[in-house]
Amino acid sequence: MMESNDVIKLDFLDSINTNSAKVFIDHLKSSSMEKTDASCIWLNISSPGGDIDVAIELYNFLKQLDCRVITNNISVVNSAAIILYLAGSERYCDYTSTFYVHSVTKKLRGVFDADRLIKEAKEIRINTERIIKIITENTIPSFAFWKRLMTKGEIIPSKQAIKLGLSTQIYIRDN
């Protein structure tokens, strides 16, 4: 096991949005200045999901860091939060943890003509493909499998998450 000085431990316990991402990155920066010798980030996550673009931005940010990233689902990792979770090279979950995958949705405001609705539908399709590609690159099943699962919506318990390669290990607590 790593020494505690080697690890920066952070929590992401919020919806994924521009503000929560900024707070997270600011906390990571300040923690890294305190622990300059750290070679690993341990990220506990419990999130209902949120903004897809921000989740992908956080995923890419963590993947590009020059350190080991471990993610840990401490309760629920739903929707767009799965993308953040997949940034870990090691991905733990509690035996009580769940993941929720579903179709991409978008709240629309205002008055829409046919062209604007078509534009919004294209954006949803593109975001769906972006998400499925990231999930497929980090798990065992195919693109078609994840597309079907997202279309019907599915809660994935921890043992199934291991079988799918979504999680790499069930976290065993020291009592």
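The values are calculated or read from the model by the stated rules, or taken from the named source; none is laboratory data. Source: prediction; values computed, not measured. Every residue, glycine among them, receives a Cβ derived from its backbone with ideal geometry; neighbour counts consider all protein chains shown.
Quick notes on this one:
- Filter pass, LEU43 being in contact (Cβ under 8 Å) with a residue 40 or more places away in the chain, crowded, with 16+ Cβ neighbours inside 10 Å and part of a helix (DSSP H, G or I): no
- Applying the condition of being assigned to a loop (DSSP other than H, G, I, E, B) and of a type in the set (A, V, I, L, M, F, W, C) to region 93-120 and asking which residue is nearest to SER142 (Cα to Cα) yields VAL104.
- Test: residue in region 21-29 that is aromatic (Phe, Trp, Tyr), surrounded by 15 or more Cβ atoms within 10 Å (Cβ to Cβ), at pLDDT 95 or above and over 23 Å from THR136 (Cβ atoms): yes
- For region 76-89, filtering for residues that are over 16 Å from ASP53 (Cβ atoms) and either touching a residue at least 24 places away in the same chain (Cβ under 8 Å) or among the acidic types (Asp, Glu) (or both) leaves 5.
- For GLY88: the one exception among (1) small (Gly, Ala, Ser); (2) farther than 17 Å from LEU58 by Cα; (3) surrounded by 16 or more Cβ atoms within 10 Å (Cβ to Cβ): (2)
- Enumeration of residues in region 121-171 that are of a type in the set (Gly, Ala, Ser) and either under 15 Å from SER103 (Cβ atoms) or part of a helix (DSSP H, G or I) (or both): ALA121, ALA144, GLY153, SER158, ALA161
- Some residue of region 101-112 being hydrophobic (A, V, I, L, M, F, W, C) and surrounded by 14 or more Cβ atoms within 10 Å (Cβ to Cβ): yes
- Identity of the residue in region 1-20, of a type in the set (Asp, Glu) and surrounded by 14 or more Cβ atoms within 10 Å (Cβ to Cβ), that ends up farthest from the chain's Cα centre (by Cα): ASP6
- Residue count, region 90-144 (criterion: touching a residue at least 24 places away in the same chain (Cβ under 8 Å) and of a type in the set (A, V, I, L, M)): 6
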